[in-house]
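Report on one structure; see the data block that follows.
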């Protein structure tokens, strides 16, 4: 029997990624490095058959997904639940700037755990809840098919932690590089079959 598989792909590098600024729901243009990454990804994905492709509505994710669909011809489906964590008052700021402008919010952001809701933003738990909702929905909707989700680092982090049986409070000990590829296979639960592959960039 053919397996149900989800491939999670992080977007290409943005200008804010290169400046280490927090993005969340805000948009930042792909950097020249990011443009090269998504072209390499698109070329590499020509040899990876799949059935459906979904993307966050954020510009960086859509452009990354379009680098794949320009060759595959698949219709790109947009779903807002694939967005990055809403980082509220921190968006557009570096960690240093966030600490200076919002000292108490930043302290709680770092210490209060996964249920802490950033001012004007959301908690990591809220992010995981919506991430698992769409992942489960896609599993039910597309049985025995391979589905690509073009999304964000925070989204991938919470899905992978859940799949690996790690709590949200566990420190992240895996890399989520720009255009990194993560694979999940459904076997009564999600089994991780690839973590952060970037062979297309080598």
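Every read-out reported here was derived from the displayed coordinates using simple, explicitly stated rules and does not represent laboratory data. Since the model is a prediction, treat every value here as computed from it, not as a measurement.
Some notes on this structure:
- Degrees, to the nearest 10: 32-45 long Cα axis against longest axis of the chain: 30
- Were the residues from residue 100 through residue 57 laid out at 0.36 nm apart, the gain over their Cα-Cα distance would be 12.4 nm.
- The chain: angle of helix 153-163 to the longest principal axis, Cα-based, in degrees nearest 10: 70
- Theoretical ellipticity at 222 nm over the chain - DSSP helices of four or more residues, -39500 (n - 2.57) apiece, nearest 500: -11500 deg cm²/dmol
- Using alpha-carbon coordinates, inclination of helix 59-72 to the longest axis of the chain, degrees: 10
- D by Stokes-Einstein for the range 1-125, Kirkwood Rh over Cα pairs, 4 °C, 1.567 mPa s: 80 µm²/s.
- Fraction of antiparallel bridges per DSSP, the chain only, in percent to nearest 5: 50
- Computed on the range 54-202, the Cα convex hull volume stands at 128 Å³ per residue.
- Equivalent ellipsoid, the range 119-165 (semi-axes from 5 times Cα gyration tensor eigenvalues, Å): 21, 11, 10
- When the Cα convex hull of the range 21-81 is projected onto planes of every orientation, the mean area is 4.4 nm².
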